[in-house]
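Visitor: The structure is given below, and queries will be raised subsequently.
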Amino acid sequence: MLGPCRRLDERPWHEVGTAPALVTTPSLPYPEHHGAAPGTTTPAATAPGPTSRGIAWLVIYLCFILAPLFALLLGSMPPARSFWTEFSVALGYSGLAMMGLQFGLTARFRYVTAPWGEDVIYHFHRQISLIAVALVVAHPIILFIERPELVRLLNSVQAPWRARFAALSTYSLIAIVVMAIWRTKLRLRYETWHVTHVVLAIVAVGAGIAHMVGWSFYLDDPWKRGLWIGLTVFWVGLLAYVRIFKPLFVLRRPYIVSEVREELGKTWTLIMRPDGHAGLRFRPGQFGWLTVFGSPFKISAHPFSFSSSAAVSDGHVEMSIRELGDFTDEIAKVPVGRRVYIDGPYGAFTMGQPADMHVLVAGGVGITPMMSILRTLADQGDKRPVVLVYGSKSWDVITFRDELEALEARLDLAVVHVLENPPDDWTGERGFVTADVLRRHLPPPYADHEYFICGPDVMMDAIENALEELKVPITKYHSERYSFV
Amino acid sequence: MRRLLADRLVVATGTIVVAMSAVFALVRVIT
């Protein structure tokens, strides 16, 4: 399953934006000498770092693919065939295992995604699917070259069921990839695509295992057959976890919309209060999957950053959403009193490292997680220096412009507006956020600061390159992109 | 930068899986 966000990066970066569909970098413990951020539990000092934990998960991932394959070598085995036949069969088994594990990559396990960040996990999910499909497709191609008589199995009318299942699985996988890559060009609605994506994935994996069991070459042993069928049940269980069990939990913790506030820049803030529970506790910069229309079981949740302070005591949360011409246009019409659902919090776009200064770089509505960070710091009376470099199209559409001015009085905050179309009397920064802009407003050494970057891909790439130019290591910045896919 | 990291992970994973599939086939043929 691919991520839920619309691709926004083809547009100018200042125009882009619903609240970010988050992709985050690993977080680190909030420094103890600054006190834990609200709603956080500070990881133990002895806890493994993101890198070691991330590598551990990668090893586990590989084990889930390769161990069931090599288990086929145990016990009684059928007579060996040629190298290429055996190789093609191994590719088929590996490809199916990779496809099955795709359900796990998007199952929203915080412990799994935290070391890598949501952006890496979702990007990996999308890219690895190409490898998996390539392996699955390579399986019959190698077989057809090695044993041309098998080409007749492509005739699904006359082929046995085990071959029909193989064809069904392969065609489903190809359809998944085509729809995921060209969803925008195919003009598929997100919800339609998502439902189709899930159904095709189940068909692909189900038909794949039916093909294996039907062929029965390696799965003649009951325990081997049980192992692979069990694996399939496990994969589908991962899907059930995120589509059935999680929504059940979310359903029991609804929120009520108490206000819909208009902001500058065609942006609307939903203010939501917990209904019959204490509310969730998030760290500033995190996000949640919001369901405004329908129940949590409906595949219509979209990820949005929390824009409110994490230090509030009444449990209310706010999400600020920009009109983009899709379902986000309906946000302004959401009636007060509507019941909505939030699955979260997720993401690791939060303050973590000891730093002499925090630098927030926002483009367009990428300001929303920054607002949560700034509001929380203000509520906590935090006086550490913060610089916000904020790119917008013009002065009139700067979301949260007035509140940022007010926050400058409450925090040691300097706001640097960068306008693409500034008014004639504008004396501030013009154009886009570049390394030169950062040099002009940040004191060296640049590697001593902690950076937070949120905006569309074009801006993100530019800022990441700028930070590289300023010799800022990757461990010193957190990035959050709009698009999951 | 981070997407580049993800791409490298994908290439590494794919390479390992293909290599291990070849090992599987070799083991089958040899033993």
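The numbers here are math on the coordinates, done by the rules we state, and not lab data. Note that the coordinates shown come from a computational prediction; the quantities given were computed from them, not determined experimentally. Cβ placement follows ideal geometry from the backbone for every residue including glycine, while neighbour counts extend to all protein chains displayed.
Visitor: Figure the gain on full extension for A:TRP395 and A:ARG261 (residue separation times 0.36 nm, minus the Cα-Cα span) and round it to one decimal in nm. Write down the numbers at each step before the final one.
Guide: Numbers: separation 134, 0.36 × 134 = 48.24 nm, distance 1.98 nm.
Working it through step by step, the gained length comes to 46.3 nm.
Visitor: May I ask you to derive the FRET efficiency for A:LEU74 and A:ARG410 from their Cβ-Cβ distance with R0 = 51 Å, giving the value to the nearest 0.05? Walk me through the numbers on the way to the answer.
Guide: Values: r = 66 Å, r/R0 = 1.29.
So the FRET efficiency works out to roughly 0.20.
Visitor: Tally the DSSP beta bridges in the protein assembly as shown and give the antiparallel ones as a percent, rounded to 5. It would help to have the intermediate numbers written out before the result.
Guide: On the way: 26 of 51 bridges.
That works out to approximately 50 percent antiparallel.
Visitor: Sorting A:SER320, A:SER52 on the 10 Å Cβ count, fewest up front, what's the list? Mind dumping the intermediate values first?
Guide: On the way: A:SER320 29, A:SER52 11.
With the fewest neighbours first, A:SER320, A:SER52 line up as A:SER52, A:SER320.
Visitor: Against the 2.2 N^0.38 Å scaling, with N counting residues, where does region A:337-411 land? I'd like the Cα-based Rg ratio to two decimal places.
Guide: 1.24
Visitor: Nearest 20 debye, what's the magnitude of the dipole of the protein assembly as shown about its Cα centre given +1 on Lys and Arg Cβ and -1 on Asp and Glu Cβ? It would help to have the intermediate numbers written out before the result.
Guide: Values: 48 positive and 46 negative charges, 440 e Å.
Roughly 2120 debye for the protein assembly as shown.
Visitor: With each pseudo-label sitting 7 Å past Cα toward Cβ, what's the A:LYS333-A:TYR171 distance in nm, one decimal?
Guide: Distance between label points: 3.9 nm.
Visitor: Which value, in debye to the nearest 20, gives the size of the charge dipole of region A:205-273 about its Cα centre, when Lys and Arg are +1 and Asp and Glu are -1 at the Cβ? Can you show the working numbers first?
Guide: On the way: 9 positive and 5 negative charges, 51 e Å.
Around 240 debye, computed over region A:205-273.
Visitor: For region A:244-334, what class follows from the C-alpha gyration tensor (a ≥ b ≥ c being the square roots of its eigenvalues): rounded when a/c is under 1.5, otherwise prolate if a/b is larger than b/c, else oblate?
Guide: Numbers: a/c = 1.74, a/b = 1.16, b/c = 1.51.
Oblate is the answer for region A:244-334, as a/c is 1.5 or above yet b/c matches or exceeds a/b.
Visitor: Using the number of other C-beta atoms within 10 angstrom as an exposure proxy, rank A:LEU438, A:LEU91 with the fewest first.
Guide: Working: A:LEU438 23, A:LEU91 27.
With the fewest neighbours first, A:LEU438, A:LEU91 line up as A:LEU438, A:LEU91.
Visitor: Any chance you could check the Cα centroid distance between chain B and region A:425-455 for me, in angstrom?
Guide: Comparing the Cα centres of chain B and region A:425-455, I get a distance of 41 Å.
Visitor: Treating the Cα atoms of region A:49-248 as identical point scatterers in vacuum, please give the log10 of the normalised Debye intensity I(q)/I(0) at q = 0.09, 0.11 Å⁻¹, two decimals.
Guide: With one equal scatterer per Cα and no solvent, log10 I(q)/I(0) is -0.36, -0.55.
Visitor: To continue, here is another question. Starting from 0.36 nm per residue, how many nanometres of slack lie between A:PHE297 and A:GLU146 once their C-alpha separation is accounted for? Please list the in-between numbers first.
Guide: Details: separation 151, 0.36 × 151 = 54.36 nm, distance 4.68 nm.
Result: 49.7 nm gained on full extension.
Visitor: Give me the distance in nm between label points sitting 7 Å out from Cα along the Cα-to-Cβ direction at A:PHE83 and A:ARG273, one decimal.
Guide: Spacing of the two 7 Å Cα→Cβ label points: 7.2 nm.
Visitor: If one computes the Cα centroid of region A:265-296 and of region A:183-231, what distance in Å separates the two points?
Guide: Each part's Cα centre sits 34 Å from the other's.
Visitor: Now a separate question. What is the calculated FRET efficiency for A:VAL195 to A:ARG110, with r their C-beta to C-beta distance and R₀ = 22 Å, to the nearest 0.05? Don't skip to the answer; put the middle values down first.
Guide: On the way: r = 25 Å, r/R0 = 1.13.
Approximately 0.30, to the nearest 0.05.
Visitor: Please identify the helices of chain A, taking whole runs of DSSP H, that span at least 27 Å along their own axis as judged from the Cα atoms and have a mean Kyte-Doolittle score of 1.0 or higher. The partial results should precede the final answer.
Guide: On the way: long enough: A:50-70 (29 Å, 1.56); A:83-105 (32 Å, 0.96); A:118-146 (41 Å, 1.19); A:161-181 (30 Å, 1.41); A:190-215 (37 Å, 1.09).
Helices meeting the criterion: A:50-70, A:118-146, A:161-181, A:190-215.
Visitor: Continuing with the same structure: Using just the Cα positions, wrap region A:170-212 in a convex hull and report its mean projected area in square nanometres, one decimal place.
Guide: Numbers: hull surface 10.6 nm².
Its average projected convex-hull area is 2.6 nm².
Visitor: While we're looking at this one, here's another question. Only counting other Cβ atoms within 10 Å, I'd like A:VAL59, A:VAL198, A:VAL418 sorted with the fewest neighbours first. Don't jump to the answer; show the numbers that get you there.
Guide: Details: A:VAL59 10, A:VAL198 18, A:VAL418 22.
Least crowded to most crowded, the residues run A:VAL59, A:VAL198, A:VAL418.
Visitor: Turning to a different aspect of this structure: With all distinct Cα pairs included, what does the Kirkwood hydrodynamic radius of region A:68-109 come out to in Å, to one decimal, could you say?
Guide: 12.0
Visitor: Please compute the Kirkwood hydrodynamic radius of the protein assembly as shown from all pairs of different C-alpha atoms, in Å with one decimal.
Guide: Radius from the Kirkwood sum: 24.5 Å.
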